[in-house]
């Protein structure tokens, strides 16, 4: 119903919170991490608990049980999360019907919301939709009275009263005397930018990605990409850790894998954790090819600095296959006690062998590849060694402190300067993962991302607004364009557009 206003630039729609995301604690996490809106529209069921306190119904829990959230709790959460919220629209039954102390709408208004629209009694779904459509249409687009919630409510009522008494059901609660919450007289509409998404039907690369690939750029490859091997490794690690810890799986469904690994390391010791990790990782990897997205991206990479957060040297091997005529350096955290705190290996031009660098050569980034392996793991040589993999919470925290040592001082200005001045392509990186956010801040030295930077999000990564509007949490006003397409379509487009 708002498509016309979105196209004109009068309205920006934030990502909806629906399905499993509308379940606690995920709901509160989304509210706390997302942008602050002007209008929040709740579409669902409302009512009262056994004590006649107003509640709204969330998505059912993991066992299929009904979940009711007290409006007082919801109101306090909104007040804590959002500082720009003007209107809450409760498209739910009996949102304005008084309970033992007050109605849901009144409690929301008391919490600080300027205006609340709610229904006095249950109404048919089509009536509720019509009421909301008339309200928003007048609020946004009226020639006279635009931005006035009182006038918008009256317009909605007039439309409904023409056919039934349901026009008396929606009511407006105002916290102050002025019903005009938005001043639209001097607004200058800016239509939204053309999406960075490509055409799935034609198989073409998205325009933003095609532009980035034409010039020098830096790849940051994370582990949030759901290829078969990664999914199986996570699942088997989680299963093995839960079994070793004797934990009920449903109770830990949302516990991060690195938190479970931390618990196991504290109880069973680091040696047992490393053995479990090696056993599962190598067994799974031996049955799967490298992720198709890495093989499809590798031919598009240019000499320069690239970063991987994977435990396996998949990016290094892909670069070696597709760019055999270029020297390739790999830098990763050294094993405990390593005097230089880092391991640097090189595969020279025309060679299949990897050697540890004894003395640093003069680095020419326009001719050589440099891969930073920030999460450690297996070295790229034919008989890989496992060194300092970041598996636990403590590993990731300590790893942030150790980052200052990973780049040799002789190369630091050149490598970090390259990273901070070229557009960045993030693949498999999540703005909702604190580990990834901290690494991005280190890479860019607390600066905004370089102009032209792009994030490729996997299916299920509902983070578009965070990357596009908030720059993935980086300081400053920079932002990322976003490509959000199925992996198969993106891989096919990349392979069809190879240089």
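The values are calculated or read from the model by the stated rules, or taken from the named source; none is laboratory data. Owing to the predicted nature of the structure, the values given are computational and were not obtained by experimental measurement. In this analysis, Cβ positions are derived from the backbone assuming ideal geometry, glycine residues included, and neighbour counts consider all displayed protein chains.
Annotations
- Residue count for the range 138-181, restricted to those that are out of contact with any helix residue (DSSP H, G or I) (no Cβ under 6 Å at 6 or more places or on another chain), part of a helix (DSSP H, G or I) and either at pLDDT 90 or above or surrounded by 14 or more Cβ atoms within 10 Å (Cβ to Cβ) (or both): 6
- Unmet criterion (only one of (1) within 18 Å of residue 393 (Cβ to Cβ); (2) modelled with pLDDT of 80 or more; (3) surrounded by 13 or more Cβ atoms within 10 Å (Cβ to Cβ)) for residue 267: (3)
- Evaluation of residue 73 against (1) in contact (Cβ under 8 Å) with a residue 60 or more places away in the chain; (2) farther than 25 Å from residue 185 by Cβ (one fails), failing number: (1)
- Qualifying strands (runs of 3 or more DSSP E) (wholly inside the range 1-74; at least 3 residues being under 25 Å from residue 139 (Cα atoms) and in contact with a strand residue (DSSP E or B) (Cβ under 6 Å, 6 or more places away or on another chain)): 39-43
- Meets criteria (at pLDDT 90 or above and more than 19 Å from residue 48 (Cβ to Cβ)) for residue 74: no
- The residue that is modelled with the lowest pLDDT, counting only those in the range 182-231 that are surrounded by 15 or more Cβ atoms within 10 Å (Cβ to Cβ) and within 30 Å of residue 110 (Cα to Cα), is 184.
- Restricting attention to the range 479-488 and to residues that are surrounded by 16 or more Cβ atoms within 10 Å (Cβ to Cβ) and at pLDDT 80 or above, the residue that is farthest from residue 293 (Cα to Cα) turns out to be 479.
- Test: residue in the range 273-294 that is touching a strand residue (DSSP E or B) at 6+ places or on another chain (Cβ under 9 Å), under 22 Å from residue 487 (Cα atoms), modelled with pLDDT of 85 or more and surrounded by 15 or more Cβ atoms within 10 Å (Cβ to Cβ): yes
- Unmet requirement for residue 452, which otherwise passes all of (1) touching a helix residue (DSSP H, G or I) at 6+ places or on another chain (Cβ under 7 Å); (2) at pLDDT 90 or above: (2)
- Condition met for residue 441 (at pLDDT below 90 and within 30 Å of residue 340 (Cα to Cα)): no
- Hits in the range 109-137 (condition: over 32 Å from the mean Cα position of the chain (by Cα), under 16 Å from residue 40 (Cα atoms) and in a loop (DSSP other than H, G, I, E, B)): none
- Residue match in the range 463-471 (condition: buried (at least 17 other Cβ atoms within 10 Å of the Cβ) and under 21 Å from residue 315 (Cβ atoms)): no
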